[in-house]
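Only one structure is covered here, and it is reproduced in the block below.
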Amino acid sequence: MAETVTLFHVSDVHFGVEDHQAHHWFADAVAQERPNAVVCTGDVTQRATKRQFAAAAKWFGGLNVPLTIEPGNHDMPYYNLFERFRTPFRRFERLRDAVDAELEFADLAVVPLRTTVRAQRRFPWSDGVVKKKALAATVAELERMADDGRYKIVACHHPLMAGPPGSPNPTIGGDQAFAALARAGADVVLSGHVHDAFDLTFDVEGRALRMIGAGTLSTRLRSSRPSYNVLRYHPQKGLTVEHRTLAGA
């Protein structure tokens, strides 16, 4: 019999400016509910320091469930420009090697898409860029799974769309990436970055593609309290999303 797959989707935990209460709240929920996996869509640290990555490794490792992590714009060296340009993801990859696991279930798969780059022609360098090479790798993986019937989730840091197709988009290449993912059979795109949760669906060439964003577990709040999402997928019932917000003091 098909079983429900439960994913905790968290983003922008920002070790260095983390909200300790929010981190404990999330970790307690993981310990009590034991989701099938945790998906983190980036900005693990604030300034990508070794100390911040060490704290992140300890926290993620302590969750004791399978998890996968994508890098955010804050996860590349901020002060060491030499390292940022030569090996921008080295510190992040060490974290991922320590705690990350490939998530593939009988009825669901999670596929990564990198939207972070070491530098870009605009400033600041915080918004997303989808490079052709990164998109091609994600599309190829989706196409490899085209006939296996699994529900396909793409995980990236930056929202690919800010509004309907054709509206202003801070993610360079986001519109093209969104359309390519829809054509390749993606069902949902998970992201973070904006520190507020959202759940939107846009139509691309007759195919609906859903975008789900997680909030933050840091002190860098915008319009909402610290939060994360709980995704539950069942082959017959589809996907449901529960948005959980930390209660105010």
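The values are calculated or read from the model by the stated rules, or taken from the named source; none is laboratory data. Quick caveat, the model's predicted, so the values are computed rather than measured. Positions of Cβ are backbone-derived with ideal geometry, glycine not excepted, and every protein chain shown enters the neighbour counts. Heads up: the accessible areas ignore ligands, DNA and RNA and are worked out on the full protein's heavy atoms, side chains in. Shrake-Rupley method; radii C 1.70, N 1.55, O 1.52, S 1.80 Å.
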Q) Which of the residues spanning segment 131-186 are open to solvent by 60 Å² or more (accessible area, probe 1.4 Å), at pLDDT 95 or above and over 25 Å from Q120 (Cβ atoms)? A) E143, R144, R183
Q: Kindly provide the set of residues from segment 36-53 that are in contact with a helix residue (DSSP H, G or I) (Cβ under 9 Å, 6 or more places away or on another chain) and open to solvent by less than 10 Å² (accessible area, probe 1.4 Å), ordered by number.
A: V38, C40, G42, D43, V44, T45, A48
(Q) Anything in segment 65-78 that is over 19 Å from the mean Cα position of the chain (by Cα) and either modelled with pLDDT of 95 or more or open to solvent by 30 Å² or more (accessible area, probe 1.4 Å) (or both)? List them, or say none. (A) Y78
Q. Conditions: (1) part of a loop (DSSP other than H, G, I, E, B); (2) within 17 Å of P66 (Cα to Cα). R96 meets all but one. Number of the miss?
A. (1)
Q) Is it fair to say L108 is of a type outside the set (G, A, S), in contact with a Phe, Trp or Tyr (Cβ under 7 Å, 6 or more places away or on another chain) and at pLDDT 90 or above? A) yes
Q) If you go through segment 94-111 one residue at a time, do you hit one that is within 21 Å of L7 (Cβ to Cβ) and of a type in the set (F, W, Y)? A) yes
**Q.** Matching entry among A186, A119, A106 (being outside any helix (DSSP H, G or I) and touching an Asp or Glu at 6+ places or on another chain (Cβ under 9 Å))
**A.** A106
Q: May I ask you to list the residues in segment 79-112 that are touching a Gly at 6+ places or on another chain (Cβ under 9 Å) and either over 30 Å from M145 (Cβ atoms) or open to solvent by 60 Å² or more (accessible area, probe 1.4 Å) (or both)?
A: A98
Q: Consider only pairs whose beta carbons are under 7 Å apart and that are at least six residues apart or on different chains; among these, list those whose first residue lies in segment 104-117 and is farther than 9 Å from E70 by Cα and whose second residue is open to solvent by 50 Å² or more (accessible area, probe 1.4 Å) and among the hydrophobic types (A, V, I, L, M, F, W, C).
A: none
(Q) V130 - would you say it is of a type outside the set (S, T, N, Q) and in contact with a helix residue (DSSP H, G or I) (Cβ under 8 Å, 6 or more places away or on another chain)? (A) yes
Q | Single residue of G166, G128 found to be small (G, A, S) and under 30 Å from R225 (Cβ atoms) | A | G128
**Q.** Residue list for segment 204-217, filter: crowded, with 22+ Cβ neighbours inside 10 Å and either of a type in the set (S, T, N, Q) or part of a strand (DSSP E or B) (or both)
**A.** L209, I212, G213, T216
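Just the residues that are open to solvent by less than 30 Å² (accessible area, probe 1.4 Å) and over 17 Å from A182 (Cβ atoms), please, taken from segment 121-130.
The answer is G128, V129.
How many residues, within segment 218-233, are touching a residue at least 24 places away in the same chain (Cβ under 8 Å) and open to solvent by 30 Å² or more (accessible area, probe 1.4 Å)?
Qualifying residue count for the region: 7.
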